[in-house]
Amino acid sequence: MIGTFTNEGIAMLGEGISPASIEQATLQAGYPAPVLALMDELTLTLPRKIREETRSAAIAAGQEWVPHPADVVVDRMIDEFDRKGRSTGAGFYDYADGKRVGLWPGLGAFGGTGEIPFQDMKERMLFIEAIETVRCLEEGVLDTATDANVGSILGIGYPGWTGGVARYIDQYQGGVAGFVERARELAQRYGDRFAPPQLLLDKAADGDTFEEGN
């Protein structure tokens, strides 16, 4: 699930949004580390490897493969700029003696002048992980809202102030129905990956919460 978070940050970079603004939005959303800095730690070759394996599996299963907007950025960083992350001394950040010294000025190649509401920047990261977690509940990968809450905070670094993914959805303004409405708004603006899964729609229609059904 952490990949949905990092991909969203990278996608915003590809949209021409200032990398410094993306990092600031991550911190203000409550994440423990800025998203581009985190991606450097994980190395940019990791999401590409996961992407290729996932695409091969989808094609083998006869399923449609939908590229993510972050893919183009990752490929350019690796193939065009030869910047793969901290382990190679060059990623979204510059490094000196293994220490991060600042965002790489060359990120201007992605624009850097695009603007979207700052709240959208924060919620794109929060929502995309929440939506992916709901899919895990839907598919039985996670069993309970408690699993989702604890796992999201301790496992993938979801902001602690939320109480976890399930609680974040339940306590969003307007409850689950409000979360669904906002997810649809984000989907309209930024892509179908924000479309609410059926489990979310059912909870909203029934007036239920995730923690009530725990």
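Every number in this text was worked out from the coordinates using simple rules, so none of it is lab data. The model shown is predicted, which means the values in this text are computed figures rather than measured ones. FYI the Cβ positions are ideal-geometry reconstructions off the backbone, even for glycines, and counts take in every protein chain you see.
So the values come out like this:
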item	result
Rg in Å to one decimal, and Dmax rounded to a whole Å, for the chain via C-alpha atoms	17.5, 56
Cα-based radius of gyration of region 2-110 once divided by 2.2 N^0.38 Å, which approximates compact folds	1.08
Exposure proxy order (Cβ contacts within 10 Å, fewest to most) of Met39, Met121	Met121, Met39
Point-charge dipole on Cβ atoms (K/R +1, D/E -1) for region 55-214, about Cα centre, debye to 20	640
Farthest toward positive dipole pole in the chain [+1 Lys/Arg, -1 Asp/Glu at C-beta], among Thr209, Pro117, Gly91	Gly91
Taking Trp161, Trp104 and counting other C-beta atoms within 10 Å, the order from fewest to most	Trp161, Trp104
For the chain, with +1 on Lys and Arg beta carbons and -1 on Asp and Glu, the positive-most of Gln188, Leu38, Gly174 along the dipole	Leu38
Modelled FRET efficiency - R0 45 Å, Asp192 with Ser87, Cβ distances, 0.05 increments	0.85
Proxy reagent accessibility, fewest Cβ within 10 Å first, across Ser56, Ser152, Ser87	Ser56, Ser87, Ser152
Candidate lysines for bridging to Lys99, where Cα separation is under 27 Å - those fewer than 8 sequence places away on the same chain excluded	Lys49, Lys84, Lys122
Region 118-206: mean projected area of Cα convex hull, nm²	5.4
Mean ellipticity per residue at 222 nm, deg cm²/dmol - from DSSP H runs of n ≥ 4 across the chain, formula -39500 (n - 2.57)	-16000 deg cm²/dmol
